[in-house]
Structures are given as structure tokens and as C-alpha cells.
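A quick write-up on the structure given underneath.
Bear in mind that the values in this text are calculations on the coordinates, not laboratory data. Computed from a prediction, not measured in an experiment: that's the story for all the values here. Quick reminder, even Gly has a Cβ in these numbers, built from the backbone with ideal geometry, and neighbours come from all protein chains shown.
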Amino acid sequence: VKSTGRGSGVALRIRPISDAEQEEGATTVAHRLDDQMVVLMDPMEDPDDILRANRSREKTFMFDVAFDFSASQEEVYRATTRGLIEGLISGYNATVFAYGPTGCGKTYTMLGTDKEPGIYVRTLNDLFRAIEETSDDMLYSVSMSYLEIYNEMIRDLLNPSSGFLDLREDSKGVIQVAGITEVSTINAQEIMELLMKGNKQRTQEPTAANQTSSRSHAVLQVAVKQQSRCRDVLQEVRFARLFMIDLAGSERAAQTQNRGQRLKEGAHINRSLLALGNCINALSDKNGNKYVNYRDSKLTRLLKDSLGGNSRTVMIAHISPASVAFEESRNTLTYADRAKSIRTRVSRRSIKSFLGVPLKSRCINSVSSPGEEEPDKCVVPHRSVHQHHL
Ligand SMILES: Nc1ncnc2c1ncn2[C@@H]1O[C@H](COP(=O)(O)OP(=O)(O)OP(=O)(O)O)[C@@H](O)[C@H]1O
């Protein structure tokens, strides 16, 4: 399997067809052709229509890596996320997104089940192992937090009673969630229990498309601080953050027959997804002179340092193989296809310290995003690539 490696990339996962889809009489219209290619067939077009048959019935898409029902959780983890760990413990930020319509397997990929744990736990296990291997020379501290963004409000999934939390910029210019619970356990079983419990706190409501549809974006944040054990030289304290994000369903509000509250949620969900898409679009601009508007949503503000020039970004897009999901699958494939050009320049974020005492300077961010000094001005209109969500 070709891996997204240590860099950025886009993966596509087609989940198994569900019993409900089969009962509806759905056929399979999305197939993985090889390690990278996926084909989607339009179920509405008449296969006997010779004139049109070869023109529009099938569309193929190519990704860094493609999975179908036969892929194990371990395979998906290895090909998409494992390669980010080495960077993380060397001071590079990274972000992994699960994107796709409701019920297509985002939570399955990220959280998974007790028997088939997903990317969260596999990543943390490997991170702790990697840290142990280098702990003779380096001193590490790892902390985790788990939050949701629902209707543009942030809630602590490890302590939901704490109400809505604010984003703040700390003295080093790093965006933090004020008052969030930070956990530093390294026991995998404990972590899984915490995350399962936290996930149950996510705002879920039935939509016509999915009985337990997640209406929020769930964000698992892992912060790694690292310092050389050698105390008699100018030391460097390195910080890096990994965000693993289970996005809310990307489906159109209309498709789920949502009204009132659901529609409002749809608009907010779209606001974050739209802002995310616009940021990715601007970041992937070949000339690098597009303004990246992180301020448009809570999600992109939180991810500012992890999407910019300083980070690796992996998107895992999810689709159903069923004919009944054709429209959504096509929209998702198109969105993911456009996200493919995320190719961020990576630099290491660090602050110097002397004899273990950190200097109170701002973090040195050697690559700044274009236009960053003028956060409220949009210098280039964004391409409207995500209109299918509206
Ligand atoms: N690759 C897979 N293998 C087996 N079962 C899967 C797979 N992907 C998804 N499923 C099952 O499909 C159902 C829906 O998946 P899941 O809850 O992960 O969707 P989702 O995209 O997170 O939806 P939402 O946006 O509503 O939260 C679940 O029962 C899940 O266990």
C-alpha cells in the first residue's frame, strides 16, 4: 500500500455496504480499483444507452491511498497516520481529519471499537513507544484533550459540565482552549475508556440519514513538549501538536430533511467545513500568495498553527459504496480531490531556553503564512469550491 508517508495527503476509505442499504435494494457503485484509484458509477444512467455509456457513467478519482471494506484499521492507520509520529516527536505539528457524510465511517476510523480500535489509540500507543525509545536523551511530556465544536461553540468532552470554552492565544502565540481538561495518562486501555466516554458526550441527533448522527466536530489534541536532558548547553524546548479530528457529517442540510435547529446546525457545520476547505484551498495555492483566512470559524482558528506552513495534514475522506449514497459520494470525492493539493512547507517550531529556563520570546515560526500580519483582510477572493455543501 502506498503511504501518505511523512507528508501531507488525502486518503479515501469506502466502508462496507450496510444492512440497511442492502434492504433498500441498493447496489454497489463505488469501487476501489487499486492502491490509489477509486471509481464511482452513476446509478441513474442507463447502461444500455450506448451513446452516453462511456462518457459519463463512470468517474475515476486518484488519491494518495485508497481503501475499501477489506482494509483493516491497522492498515488504514499505518498508511495515513503512523508516519506523522516521528515528526511529532521532532517538533513538527500535524493534523489528521476524518471527512465525509454522516454514517460513512468517520468515527469508526478515528475512534473505532473496543475490538477494532481506530487511529486515536493506535497513534497514542506508537507515540508513547517512540518516546520511550528516545527517553535516555530527551525529556518528554505529553498531554491530551478532547473537545467538540458544536454550533461554533467549544465543549470539553472530558468534562462536559464545564460549559462553553473560549479560544485564547497564549504568550507564545499558540492558540489554546482556556480551561480545557488535560490528561497525561499513557495507559492505552484508560485512554480508550476516556475517549469512548467522551464520544458518548458528543452532540448526536438522529437525522433522516443516520439515527445517531454526530452534529459536532470532535477534536483530540495531543501536545508533546520535548527537551534535551543535557543541561549544560543552550537547550531547545520543542512543542508540537497533533490534532486528530472527527468532523461532523458533510451532507447537505436539505438531504437530511432538516428543519429549524438541524438546519442551523447544518449552517454552522458548513461554516467550519467551508472555512476549512477555504484554508486548505489557500494553503495549496501553488504560488503561495493566497490569504489564509483562519478567523472564519472556531475550527480553523484552533488549527491555525497546525494547518499553516508548519504542519503536515492528512485527510481521510469516507464514502458509502451504495447507489443510494451516490450524490453524497460524488460530492465527497470532489471535495477530497480538491484537497489533494495540500502541500505545506514544514518547519520546526521551537523556543530557545538557557539552562532549562525558557526564554520568554515568541515561538520562532520560520515560515509565516502569506498575509498573516493582516488577519482581518482577505486579499484574494476564495474559490467557491465547496458550494455543494450549501
Ligand atoms: N470500515 C468499516 N467497517 C465496518 N463497519 C464500519 C466501517 N465504517 C463504518 N462502519 C459502521 O458504520 C456505521 C456508521 O459509521 P460511523 O458512526 O463511524 O459514521 P460517521 O461517519 O462517524 O457518522 P456521523 O457523521 O453521523 O458521526 C457504524 O455502525 C460503524 O460501525
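Give me the one-decimal nm value for the distance between modelled label points at Gln22 and Glu152, 7 Å along each residue's Cα-to-Cβ direction.
Roughly 4.4 nm, to one decimal.
Counting Lys +1, Arg +1, Asp -1, Glu -1, what net charge surrounds Ala178 among other residues with beta carbon under 14 Å of its beta carbon?
After counting each charged neighbour, the total is -1.
Take each of the peptides 11-24, 89-102, average the number of other beta-carbon atoms within 10 Å over its residues, and list them starting from the highest.
Top of the packing list down: 89-102, 11-24.
Quick check: pseudo-label points 7 Å beyond the Cα along Cα→Cβ at Glu327 and Ser141, how many nm apart are they?
Calculated label separation equals 5.2 nm.
For Lys200 and Cys230, what is the calculated FRET efficiency with R₀ set at 30 Å and r taken between the beta-carbons, to the nearest 0.05?
0.10
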